[in-house]
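The block underneath contains the structure these notes are about, expressed in structure tokens.
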Amino acid sequence: MVRHVPQRSPIEPSLATVFQALSDPTRLAVVERLSIGPASATELARPFEMALPSFMQHLGVLERAGIATSHKTGRTRVFQLAPGSLELASAWLATFRNHWERRLDQLDQLLLAQHRTEQERT
């Protein structure tokens with residue numbers, strides 16, 4: 001069976017790209033830090049034991065995923081969260097959260113009915 005997958009614009013990040021970017025502990029920590037407010041690349045790199053060029057690759061992944069944006073102020077590159085991609089991931093997770101909550105409610109009702117039936121037998 002072949003499914004039609006709609007084409008995304010090159011600017012719009014895919015859900016897989018967002019989750020891939022968030023799958024790395026370093027990038028996840030950067031996102032947590034950026035949730036407080038904008039920060040320079042140097043400030044973001046400070047807690048990590050890696051060379052700045054290696055750390056900049058992590059920031060590049062976050063930018064390509066649409067999770068962060070940056071602008072240059074003089075010689076300093078400042079990063080900030082771009083919540084659109086995170087909202088995309090949150091909406092996707094919410095769909096599954098609702099699905100599994102309904103399923104668990106159904107299971108709970110079934111187990112309660114079975115329990116009542118067993119109590120009536122005794």
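With contributions of -39500 (n - 2.57) from each DSSP H run of at least four residues, the per-residue ellipticity at 222 nm computed over the chain stands at -20000 deg cm²/dmol. Cβ-to-Cβ counts within 10 Å put Arg77, Arg97 in ascending order as Arg97, Arg77, the fewest first. Think of the stretch 15-121 as having a plus end and a minus end, set by charges on the Cβ of Lys, Arg, Asp and Glu; of Met56, Ala29, Ser85, Met56 sits farthest toward the positive end of this dipole. Listed from fewest to most Cβ neighbours within 10 Å, the set Trp100, Trp92 follows the order Trp100, Trp92. Among Thr122, Thr17, sorting on how many other beta-carbon atoms sit within 10 Å of each Cβ, with the fewest leading, yields Thr122, Thr17. Based on the reciprocal of the average 1/r between different C-alpha atoms, the Kirkwood radius for the stretch 34-94 equals 12.3 Å. Summarising the label geometry, the points placed 7 Å from Cα in the beta-carbon direction at Gln114 and Glu87 lie 4.3 nm from one another. What does a probe at Thr76 reach in the stretch 26-40, counting residues whose amide N is under 18 Å from the point 7 Å along Cα→Cβ? Answer for this model: 33-40.
Note on the chain: Cα-Cα pairs beyond 22 Å make up 52% of the total pair count.
Values in this text are rule-based calculations from the coordinates and carry no lab data. The model shown is predicted, which means the values in this text are computed figures rather than measured ones. Positions of Cβ are generated from backbone atoms using ideal geometry, with glycine treated the same way; all protein chains shown enter the neighbour counts.
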